[in-house]
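Novice: If you scroll down you'll find the structure; I have some questions about it.
The values are calculated or read from the model by the stated rules, or taken from the named source; none is laboratory data. Fair warning: this is a prediction, and the values are worked out from it, not measured in the lab. Counting neighbours? That spans all protein chains shown, and the Cβs are built from the backbone with ideal geometry, glycine included.
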Amino acid sequence: MKNILLVLTLSLLSGCAVSNSQVSSTDRYAYKAFGEKAGIEKVVDDMFVVILDDPRINTFFAETDNEYIKEQLTDQFCNLLNGPCQYTGADMKSSHVGLNIGRQHFNALVEALRLSMDKNNVPFGVQNHLLVKLAPMHRDIIEK
Amino acid sequence: MILISTIRRLGFIALLSFNAYSQEGPQPEGPPTQLFGSGKLLLTGGIPNLDGAGGGGITTSALVGGYGTDGQIGGYANYTLVGVDDFSLKTQSIGIGLFNRVELSASQSVFDTEKAGAALGLGQGYTFEHDVVGVKVRLFGDAILEQDSWIPQVAIGANRKESDNEAVLSFIGAQDFKDTELYLSATKLFLDVPLLLNMTVRHSRANQNGILGFGGDKEADKQFLFEGFAAFLLSDNLAFGVEYKQNPDNLSFSKQDDWKDVFLLYTPSKHISLAVAYADIGYVALQGKQSGYYAAITINF
């Protein structure tokens, strides 16, 4: 609860203040709350445990190089939180084209991420901060 | 009753789909698509209002009820109890959401005048009963995923309401005991706050949501009425918020106020939602200001 309020306050502050730096205080707080890059890596690892156990979406990852995907996701999440990481993977559209991903699969992955972030004690407001940045990607990922 | 058996049938479908889901193994080719897979995110199924339409407790939202997302079918069954100073209300409703596009719903309400019934000359425990069937169509937008845009999810809908108490309603000055109302609803999740906002405009002349008929001696025609809610998400399964519903004041026999409530919605899983609220429904049928509790259980898939 305390964390939610803190993030809320920070969100409001960052929304009101004219920020000179490229990295908002909310991003800095969120990146720290995740436990920096090592924490993000752990969240991605745990998310994959959930994904591979979920019959709704595990077929997408049956014949993929999941270690590589995990690295890419870690860099991507880190980059979205304005951490010191470079995402060098493919753009979302070309990496998902032809997979026939529906909204039910997209949402299932969001649920896996939520579960993993819960498990790693990422505060609710910080979880939302990342999800806000990921959600619009549905336009490039969902095909039907 | 038809409604009860329909609820049983819906529950059966929910159970079937749930079993289908748990028996589904990894498939060798292509993504598995589950027609009854409850693919919406937790809490985004909402709960039906007193008309049976997806929304909050007393307001309607643009969200399609149930947990079916694109390519899926969802559904819900709800039982609601409202107890205010001099009256009580029981409502049961069911609904089905088709492909995150169309919602069909039905509800039955029994409004018990309890002791006030005697004071009104109707007899103690006199009940007003009314049925509603509704349809809602999502026009455009996505309330949940479009987090980089201000455009809300927008839906239009219609409710057909009919009361069993034609003679009494005519006596108190209502123009009609049945009517159709139209609404336009906009809903948007601001996940960064995190706040779910909803605003609906309704073209209606329903007295106390239709319990006391439609139109009156003071004002016979429909007007545009606003309603909405603001729900603050405390976690991914718990929301706290306020609702407001504007009502017409058509009858000279008794003034009518707007409805408001403060609610807590707990959704431990996609299959069950529990809501409690403190409701203030204002002046009702000469009995002074009315306030009390609202409690609802919703089974979803």
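Novice: Please state which one of B:V242, B:V276 is more than 30 Å from B:I73 (Cβ to Cβ), away from every other protein chain (no Cβ under 14 Å), at pLDDT 95 or above and not in a loop (DSSP other than H, G, I, E, B).
Specialist: After ruling out the rest, the residue left standing is B:V242.
Novice: Would you check if A:I69 is away from chain B (no Cβ under 14 Å), crowded, with 16+ Cβ neighbours inside 10 Å and either within 15 Å of the chain's Cα centre (by Cα) or more than 18 Å from B:E146 (Cα to Cα) (or both)?
Specialist: In short, yes.
Novice: In addition: Could you list, in sequence order, the residues of region A:123-132 that are within 8 Å of chain B (Cβ to nearest Cβ) and more than 12 Å from A:L113 (Cβ to Cβ)?
Specialist: A:F124, A:G125, A:H129, A:V132
Novice: Looking at (1) surrounded by fewer than 19 Cβ atoms within 10 Å (Cβ to Cβ); (2) at the interface with another protein chain (Cβ under 10 Å from one of its Cβ atoms); (3) part of a helix (DSSP H, G or I); (4) touching a residue at least 40 places away in the same chain (Cβ under 8 Å), which one does A:K144 not meet, given that it meets all the others?
Specialist: (3)
Novice: Would you say A:G102 is in contact (Cβ under 8 Å) with a residue 24 or more places away in the chain, within 13 Å of chain B (Cβ to nearest Cβ) and in contact with a Gly (Cβ under 8 Å, 6 or more places away or on another chain)?
Specialist: Taking the combined requirement at face value, the residue satisfies it.
Novice: Within the group A:E63, A:E36, which residue is farther than 16 Å from A:M117 by Cβ and modelled with pLDDT of 90 or more?
Specialist: Residue meeting the stated conditions: A:E63.
Novice: Taking A:A30 as meeting all but one of (1) of a type outside the set (F, W, Y); (2) surrounded by 13 or more Cβ atoms within 10 Å (Cβ to Cβ); (3) more than 13 Å from chain B (Cβ to nearest Cβ), write down the number of the exception.
Specialist: Checking A:A30 against (1) of a type outside the set (F, W, Y); (2) surrounded by 13 or more Cβ atoms within 10 Å (Cβ to Cβ); (3) more than 13 Å from chain B (Cβ to nearest Cβ), the one that fails is (3).
Novice: Please go through (1) under 30 Å from B:F301 (Cα atoms); (2) in contact with a Phe, Trp or Tyr (Cβ under 8 Å, 6 or more places away or on another chain) for B:A206 and return the number of the only condition it doesn't satisfy.
Specialist: Condition not satisfied by B:A206: (1).
Novice: Which one of these does B:Q147 not meet: (1) outside any loop (DSSP other than H, G, I, E, B); (2) at pLDDT 95 or above?
Specialist: Going through the list (1) outside any loop (DSSP other than H, G, I, E, B); (2) at pLDDT 95 or above, B:Q147 breaks only (1).
Novice: Within region A:56-65, is even one residue within 10 Å of chain B (Cβ to nearest Cβ), touching a residue at least 24 places away in the same chain (Cβ under 8 Å) and in contact with a Leu (Cβ under 8 Å, 6 or more places away or on another chain)?
Specialist: Yes - at least one qualifying residue is present in region A:56-65.
Novice: Take the residues of region A:106-122 that are within 21 Å of B:G37 (Cβ to Cβ) and touching a Gly at 6+ places or on another chain (Cβ under 8 Å): which is farthest from the other protein chains (Cβ to nearest Cβ)?
Specialist: Once the filter is applied, the top-ranked residue is A:A108.
Novice: Would a scan of region B:42-51 turn up a residue that is on the phi > 0 side of the Ramachandran plot and at pLDDT 95 or above?
Specialist: no
Novice: Out of curiosity, is B:G210 under 17 Å from the mean Cα position of the chain (by Cα) and farther than 22 Å from B:E162 by Cβ?
Specialist: no
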